Number of protein chains: 2
Amino acid sequence: MSTTFKIPFSGRAHRYTDNELDLVREAAGSAEPLTQGKFRNAFEAKFRNYIGVSHAFTTCNAASALELSAQLCSFEPGDEVIIPSHTYTASAYPFLKHGANIVWADIDPMTRVVNAESIEKVITKRTRAIVVVHLYGYGADMKEIMALARSRNLLVIEDAAQALGVDIDGKKAGAYADIGIFSFHSHKNVTTLGEGGMITVHDEDFARVIPMLRHNGHTGFPEPQTDYWIPNMGNVDLPELGGRSLMPNNFCLGEVECALGAALLDRIDVINNEKRVNAMTFIDAFSGHDEFQFHRENSTRHNYHLLVARIANHWRDDFIRAMSREFGIQCVVQYYPLNRYPFYQKLGFGNADCPVADDFFDNMVSFPFHHSLSREDHAYIIDSALKVLDRLAG
Amino acid sequence: MSTTFKIPFSGRAHRYTDNELDLVREAAGSAEPLTQGKFRNAFEAKFRNYIGVSHAFTTCNAASALELSAQLCSFEPGDEVIIPSHTYTASAYPFLKHGANIVWADIDPMTRVVNAESIEKVITKRTRAIVVVHLYGYGADMKEIMALARSRNLLVIEDAAQALGVDIDGKKAGAYADIGIFSFHSHKNVTTLGEGGMITVHDEDFARVIPMLRHNGHTGFPEPQTDYWIPNMGNVDLPELGGRSLMPNNFCLGEVECALGAALLDRIDVINNEKRVNAMTFIDAFSGHDEFQFHRENSTRHNYHLLVARIANHWRDDFIRAMSREFGIQCVVQYYPLNRYPFYQKLGFGNADCPVADDFFDNMVSFPFHHSLSREDHAYIIDSALKVLDRLAG
């Protein structure tokens, strides 16, 4: 693709304020050390408080946080984990790496996320864990899902990578499950210089082992040291959980990213609200066009990280083609059902009974919807889409 | 330890120039996307050229680059990898994660790095790979080691995490082996905001698979796409090497770090030279004191990332105690022999025949030696150390 778009889908979701850029420069100049220091501790403390969880740990990205969560599951051979087929691949492959078999769950046709019903359908005697993804920024029905999971003694991982700041029945997305995952990737509603993630947990045993898993197995010595260098500055031990040993990683996030992340928490609610207001305007502009099926949710349960619609009449490809070629607007399709990627097919996870996910992917469009788009940009996208729709309707 | 040191060992090796800080601010404000974009490509191209290798790939840290290198080895059960016991744990544990057994190699008493002789001693029929660590910033005898490795058909990984810019017989450290590893961690001679790494390879098959291993298995579709969104924006496939499949990771480094890293390559030679000049002054100040055994190497073969000495007469602990308590100078000891950590002992790798490494660790001191120390700081450390030595000799 050599096309230059007037409005690209964009790999960057928002701009930084001058204050935030000043903070980045200041932290880069002054932080000592530049990793695993006071900015990390402050970011994690602020994040715990914002989400309402006992423990939060920064990671270098959300995929690494998901990898930690897969390690914490301590899968036995044959154990199954339920994951929506309609999500990004990082929600799923870490669980294969750590020994689970994946069973794909379908999504709700209106909300495009899993629900207790679609999960219950695929629970078996081997199910050990459930990954709930708050895709597009909409919070799934966590009360019902947690009740189901508790009744079956299953671990739940809430992948809130796209849902920072989302409220579900009075609690934040990510705060319900055993493990919460967050992303500060370049695409997300707030980003820590392009890469960054967070894992939150309630369990004290999980919280005890995560720092070792995150940083090369480092830990303290069991006995107090009379001198700081005897026998050594720091210990390296085998992370253990429930009698099983786990292997360490290096998933640390730098101090500058952490300083920025803490500052961005001050305006995530504002960004989310602005995106939702824009989404309402956008969606309502198509109220006379039943060919577009949006998920309209005018509350903090949706942060409209992305704005997507199902298009009727198999018009999807013609629609995107016209938007691209005639108006220079880059619409895309997301998320390729994971069971249809060669990666999962080759590993034996190519089968899914997820007709809603397949239908939605095959007929969906995702509009450019980054936070830094102007009012005029939005109006241009809406106006162009209405023109294309009118022509397709003939 | 609640001591506040006048001269701490420091978790940050150098300061940024105003131009570098401006660059950080500018890249944070303008990069689009904020990860995996043009700054990464430019950094990797500049790095390839600087080191003299065919392929260079940024990673989120050097431990992740070592993890990639362990994956590239494609170990069979029972395969052995030779690693110095005197190094940081990240040089070793990734190889255990990916199926190898570790055999520890001893170090040379003068250079404190492995050599062909100490490696050959522990080669067996099961040896598959050798990890050479250019510890403290000194380049090991790569010509001899590569000749040995080639004669036995062994893969070599050069861990040049501490040796960026070091010359060994006309080539850069990291350029000799099948795989080169570099670190831009907060402690290193140059740092990309505290975290960052690089892996270099010569082999085209390695180079083909690394981008997939680094970024969640992403790759292109086998057939050209008529429309950019059909069947999807990007593919996810199973990374394969020599008929074996490997599991992906997310080890991406952000654009701001990459922009900074490329700029820092312009002055790594200056920083290395300044550190070496300081090291010569430091070492020569103790020329009348045989109790200190430094490794003096006044050439670009040593970048003096760290400045260490062996102390005779079992004075080490008394020396560090006096430096700390009387002069507020934080000396430390490095690197705990890996076989003595509980991590390796519990996994069955607690035995090593490395008497030199053990002796060196038990009698060594590492001085504060970060690049931003002033001439007065160095003079104060030297003066204090001489006073302590005189008293210990008294």
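The values are calculated or read from the model by the stated rules, or taken from the named source; none is laboratory data. Because the structure is a prediction, the values reported are computed rather than measured. Heads up, the Cβs are rebuilt from the backbone with ideal geometry, glycines too, and the neighbour counts pull from every protein chain shown.
Remarks
Rundown of residues vs (1) crowded, with 21+ Cβ neighbours inside 10 Å; (2) at negative phi; (3) more than 13 Å from chain A (Cβ to nearest Cβ); (4) touching an Asp or Glu at 6+ places or on another chain (Cβ under 9 Å), yes/no style:
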| residue | (1), (2), (3), (4) |
| --- | --- |
| B:Val201 | yes, yes, yes, yes |
| B:Glu204 | no, yes, yes, no |
| B:Glu255 | yes, yes, no, yes |
| B:Val270 | no, yes, yes, no |
| B:Ile283 | no, yes, yes, no |
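- Residues within the range B:229-278 that are touching a strand residue (DSSP E or B) at 6+ places or on another chain (Cβ under 8 Å) and free of Cβ contacts under 8 Å to residues at least 24 places away in the same chain, tallied: 6
Yes or no, residue by residue, for (1) outside the structural domain of B:Gly180 (by TED's automatic domain parsing); (2) assigned to a helix (DSSP H, G or I):
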{"site": "B:Arg12", "(1), (2)": "yes, no"}
{"site": "B:Arg40", "(1), (2)": "no, yes"}
{"site": "B:Lys46", "(1), (2)": "no, yes"}
{"site": "B:Asn49", "(1), (2)": "no, yes"}
{"site": "B:Ala56", "(1), (2)": "no, no"}
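- Filter result for B:Asn249 (polar (S, T, N, Q), within 18 Å of B:Cys73 (Cβ to Cβ) and at the interface with chain A (Cβ under 9 Å from one of its Cβ atoms)): yes
- The condition (being over 30 Å from B:Thr192 (Cβ atoms) and crowded, with 24+ Cβ neighbours inside 10 Å) is satisfied by just one residue among B:Ala149, B:Ala116: B:Ala149.
- Scope the range A:14-27; condition within 7 Å of chain B (Cβ to nearest Cβ) and assigned to a loop (DSSP other than H, G, I, E, B); matching residues: A:Tyr16
- Qualifying positions in the range A:328-364 - facing another protein chain (nearest Cβ under 8 Å) and on the phi > 0 side of the Ramachandran plot: none
- Top-ranked residue of the range A:84-113 - restricted to ones that are more than 14 Å from every other protein chain (Cβ to nearest Cβ), within 19 Å of A:Gly180 (Cβ to Cβ) and hydrophobic (A, V, I, L, M, F, W, C), ranked as surrounded by the most Cβ atoms within 10 Å (Cβ to Cβ): A:Ala105
- When the range B:234-246 is limited to residues that are surrounded by fewer than 18 Cβ atoms within 10 Å (Cβ to Cβ) and of a type outside the set (S, T, N, Q), the one that is farthest from the other protein chains (Cβ to nearest Cβ) turns out to be B:Gly242.
- A search for C-beta distances below 7 Å between a residue of the range B:16-27 that is under 10 Å from A:Val24 (Cβ atoms) and in contact (Cβ under 8 Å) with a residue 40 or more places away in the chain and any residue that is in a helix (DSSP H, G or I) and hydrophobic (A, V, I, L, M, F, W, C), counting only pairs 6+ apart in sequence or on different chains, returns B:Val24/A:Val24; B:Val24/A:Ala28; B:Val24/B:Val256; B:Val24/B:Leu260; B:Ala27/B:Phe39; B:Ala27/B:Val256; B:Ala27/B:Ala259.
- Subset tally (residues that are within 8 Å of chain A (Cβ to nearest Cβ) and without any contact (Cβ under 8 Å) to a residue 24 or more places away in the chain) for the range B:28-68: 2
- Any chance A:Asn216 is in contact (Cβ under 8 Å) with a residue 40 or more places away in the chain and buried (at least 21 other Cβ atoms within 10 Å of the Cβ): no
- Some residue of the range A:124-142 being under 30 Å from B:Gly37 (Cβ atoms) and among the hydroxyl-bearing types (Ser, Thr, Tyr): yes
- Which numbered condition B:Val81 misses (of (1) surrounded by fewer than 24 Cβ atoms within 10 Å (Cβ to Cβ); (2) closer than 30 Å to B:Ser118 by Cα; (3) away from chain A (no Cβ under 12 Å)): (1)
- For A:Phe367, the criteria (1) farther than 20 Å from A:Ser186 by Cα; (2) touching a Cys at 6+ places or on another chain (Cβ under 9 Å); (3) within 13 Å of chain B (Cβ to nearest Cβ) hold in every case but one, which is (1).
For every residue, the table says whether it meets (1) within 24 Å of the chain's Cα centre (by Cα); (2) in the same structural domain as A:Ala149 (by TED's automatic domain parsing); (3) at pLDDT 95 or above.
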position	(1), (2), (3)
A:Asp203	yes, yes, yes
A:Ile210	yes, yes, yes
A:Thr219	no, yes, yes
A:Gln225	no, yes, no
A:Trp229	no, yes, yes
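- Residue-level analysis places B:Gln71 outside the set of residues that are closer than 30 Å to A:Asp22 by Cα, assigned by TED's automatic domain parsing to the domain that holds B:Tyr176, surrounded by 21 or more Cβ atoms within 10 Å (Cβ to Cβ) and of a type outside the set (D, E, K, R).
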